[in-house]
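What follows is a single structure, written as structure tokens, with notes after it.
The values are calculated or read from the model by the stated rules, or taken from the named source; none is laboratory data. None of these values were measured; they are calculated from a predicted model. Neighbour counts run over all protein chains shown; Cβ positions are idealised from the backbone, glycine included. These area figures cover heavy atoms from the full protein model, side chains too; ligands, DNA and RNA do not enter into them. Shrake-Rupley method; radii C 1.70, N 1.55, O 1.52, S 1.80 Å.
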Amino acid sequence: MLDIGPLELITLIVLAVLIFGPDKLPKMIQDVSRTLRKIRQFSENAKEDIRTELGPEFKDFEFEDLNPKTFVRKHVLDKDELGLKEIRNGFDFKSEMAEMAEVTDAAHGRTAPSSAGSSAGSSAGSGTPDLLKKRESGIQPGERPPYDADAT
């Protein structure tokens, strides 16, 4: 009931009695309930008028579907005509990232990590630095750190 707790409800009742008095309070309650009933009846009549104007094609039309969250939930998430569940379950990010790493290594001319031990000697002899391999010794004072093309 509009997130009104018991303490707030009691406070509202006491305020209503104090403001309107015990004499006029029953009359005020009747007037408010009558007004709410008329508003509810007016909205139901308006909905029925819209349904009749739309025609028989929209006989199962619900006004709650006009809420975007309800519309998406009803027409996209509940129905699996589009195969969204298979698409969602088909993503394997670990294998995708491994494939991306292989493509990146191939583009930069590096070998795959599985053969890194066998190519360690060949990359040192070829003159191209192995940027993935850690340096055995630290940087000496006055020495420039190695250039990392991927970091810039």
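Every condition in (1) in a helix (DSSP H, G or I); (2) modelled with pLDDT of 70 or more; (3) surrounded by 10 or more Cβ atoms within 10 Å (Cβ to Cβ) holds for K85 except the one numbered (2). Considered as a group, the residues in the range 1-44 that are touching a Leu at 6+ places or on another chain (Cβ under 8 Å) and part of a helix (DSSP H, G or I) include one that is nearest to E64 (Cα to Cα), and that residue is A16.
Can you tell me which residue in the range 88-109 is least open to solvent (accessible area, probe 1.4 Å), limited to those that are modelled with pLDDT of 75 or more and assigned to a loop (DSSP other than H, G, I, E, B)? Filtering first and then ranking leaves G109.
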